[in-house]
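Read through the structure below, which is laid out as structure tokens, and then see the notes.
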Amino acid sequence: MSIGSEDIKTGSKILIIYYSKTGNTKKIAEAIAAGAKKVENVVVEVKNTTEIDAKEALSADGFAFGSPSYFTLMSGQLLSLFTELFPIMGKLSGRPMVAFATGVGSQTCTVENIECILKAHNPNVIQPGLAAASPVKKADIAQGIELGEKLAKAVVEAKK
Ligand SMILES: Cc1cc2nc3c(=O)[nH]c(=O)nc-3n(C[C@H](O)[C@H](O)[C@H](O)COP(=O)(O)O)c2cc1C
């Protein structure tokens, strides 16, 4: 069972951060959250890119970053967030991170694209991330749950 935010001092916090216009990427974000919540002593929050700032990011022990594939790349919204977080990216080094994307063919490129940014600042990027073809299917949700659990276990391990 996951813990409440009042217990965060003794547990770990994971932020699942995404941009989604038509809901596919959001479904994967929610699946990753569901998987992460299976792990003890973890509080999980799912947030849109606009709901995150540096202070909020610094409060988390692990992250998943997701976007639709736009022109094979990540969305401008996620790239803008990375630009905003750039000054504190070094401080997040060592905290487990994972990338996810949805698309109609270029989703793997987008995952790699996000991973490039993460890996420039952090050796603790869990790979492979999750690349799901739109529309998102049950099997993708299952993969998201699996990845979320893996992320949460890595976060707990990293805090030991
Ligand atoms: C402006 C725009 C550009 C896109 N470019 C690509 C692309 O280059 N490759 C791809 O696989 N899908 C592309 N897509 C499709 C989206 O990535 C796909 O529909 C995605 O799942 C949408 O995510 P969402 O439902 O979370 O908004 C594009 C969609 C839009 C609106």
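FYI, it's all coordinate maths here, none of it is from the lab. Treat the numbers as computed from the prediction; the structure is a model and nothing was measured. So basically every Cβ, Gly included, is an ideal-geometry build from the backbone, and we count neighbours across all protein chains shown.
Quick notes on this structure:
- Relative contact order (%) - criterion: Cα under 8 Å, at least six apart; region: region 5-158: 30
- Distance in nm between pseudo-label sites at Lys137 and Ile88 (7 Å out along the Cβ direction from Cα): 3.9
- Screening the chain for whole DSSP H helices of 24 Å or more along their axis (Cα) with average Kyte-Doolittle hydropathy at least 0.0 returns 138-158.
- Gyration tensor verdict on region 70-160 (Cα atoms; rounded if a/c is under 1.5, prolate if a/b is larger than b/c, oblate otherwise): oblate
- Near-label residues of region 61-94 by backbone N, under 19 Å of a point 7 Å along Cα→Cβ of Lys21: 66-82
- Dividing the alpha-carbon radius of gyration of the chain by the rule-of-thumb value 2.2 N^0.38 Å gives 0.93.
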